[in-house]
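Any read-out appearing in this document is the output of simple, stated calculations on the displayed coordinates, not a laboratory observation. Quantities reported herein were computed from a predicted structural model and do not represent experimental measurements. Note that we place each Cβ from the backbone using ideal geometry, even for glycine, and neighbour counts take in every protein chain shown.
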Amino acid sequence: MFHRIRRRRQDPFLTEARRRLQEMWEMEQRMPWPPAPGPEAAASPSEAQVGAEPTEPVAEVDDFLPPELRVPSHDQVTGWMMPWPWPLVLDGEIVACAECGAYRDWIIMATRNQIWLRCRAGHQQQERRLDAAWFNRHSGPAADNTDFTFEDCLRHLGH
């Protein structure tokens, strides 16, 4: 067991690492540190202190986005929609409309942690196998359009 410790002490890599660590420690000990902030640390008024309070009030600037560039917050939005032109396959089966049998060209709606499917004919059905996490993964980046009514959103998506 002790022969391993002796070999480790003679390892050139570890010897060099110890030497560099010792040099860094000695250099840190020689470096002057700035005085601690406080009333006794102020040697002269001309020295700038880090974190000192400004003497003049700073003018407030309204840097918020203009209204036409703002995205509504989650509490202002009832739901989100996205087109899904492909067949929707869940658990190995293709989802079809319960009324007309359509299996592609869906509008997928997410509202109140529920997912609804709307076919081209206007029939809607809730899809319990999908959740908001699935919708967020597949919806992509933020919407390019914000519509305030359900009909405007459908019109924008081509339904």
Given H placed 1.01 Å from N in the peptide plane, which residues other than close sequence neighbours of Leu88 have an amide H under 5 Å from its amide H? Val95
Got a sec? How would His123, His138 order by Cβ neighbour count within 10 Å, fewest to most? His138, His123
Treat each spin label as a single point 7 Å out from the Cα along the C-beta direction, and report the Arg128 to Thr78 distance in nm. 2.5 nm
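Using 0.36 nm times the number of residues separating Leu157 and Trp25, minus their current alpha carbon distance, what extension gain do you get?
Result: 41.0 nm gained on full extension.
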